[in-house]
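Scroll down for the structure; my scribbles are underneath it.
The values are calculated or read from the model by the stated rules, or taken from the named source; none is laboratory data. Model, not experiment: these values are computed from the prediction. A quick note on method: Cβ atoms are made from the backbone with ideal geometry, for glycine too, and the neighbour counts reach across all protein chains shown.
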């Protein structure tokens, strides 16, 4: 869900049951909900209401919902991310499965992958 608020900090991610991430200006993205039985990208009123209630639990400033969307969260069965060189295409790397912690772990893991590529080492591991 996307919200608009003139009262929220613009330089940090607020983390509680959901995350509130600044996009620039007065726009923020908030999420997310879980529905393990539905695999589509169709937003639901139930999901929107859950997000609104979750956001209201971690912030006190007023906000306005400016957008609502759904997506499929990339994850793995064991909930561990995958970062490795493709076995058939050595110039291709797999970097996925970050799941709900992706917003927090993604930048660090991307930097780690870049450092490995710059040093010329073959990266082939799973967390």
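Values computed for the structure shown
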{"read-out": "Single residue of region 11-22 satisfying the filter (more than 12 Å from the chain's Cα centre (by Cα) and surrounded by 13 or more Cβ atoms within 10 Å (Cβ to Cβ)) that is farthest from residue 58 (Cα to Cα)", "value": "22"}
{"read-out": "Single residue of 66, 54 found to be closer than 30 Å to residue 6 by Cβ, surrounded by 12 or more Cβ atoms within 10 Å (Cβ to Cβ) and in contact with a strand residue (DSSP E or B) (Cβ under 7 Å, 6 or more places away or on another chain)", "value": "66"}
{"read-out": "Test: residue in region 41-57 that is under 30 Å from residue 117 (Cβ atoms) and touching a residue at least 24 places away in the same chain (Cβ under 8 Å)", "value": "no"}
{"read-out": "Test: residue in region 114-125 that is under 19 Å from the mean Cα position of the chain (by Cα) and surrounded by 13 or more Cβ atoms within 10 Å (Cβ to Cβ)", "value": "no"}
{"read-out": "Subset of region 1-33 (residues that are in contact with a helix residue (DSSP H, G or I) (Cβ under 8 Å, 6 or more places away or on another chain) and free of Cβ contacts under 8 Å to residues at least 40 places away in the same chain)", "value": "20, 30, 31, 33"}
{"read-out": "Test: residue in region 53-69 that is at negative phi and under 14 Å from the mean Cα position of the chain (by Cα)", "value": "yes"}
{"read-out": "Residue count, region 92-112 (criterion: surrounded by 14 or more Cβ atoms within 10 Å (Cβ to Cβ) and touching a residue at least 40 places away in the same chain (Cβ under 8 Å))", "value": "2"}
{"read-out": "Flag if residue 89 is in contact (Cβ under 8 Å) with a residue 60 or more places away in the chain and either touching a helix residue (DSSP H, G or I) at 6+ places or on another chain (Cβ under 6 Å) or not assigned by TED's automatic domain parsing to the domain that holds residue 8 (or both)", "value": "no"}
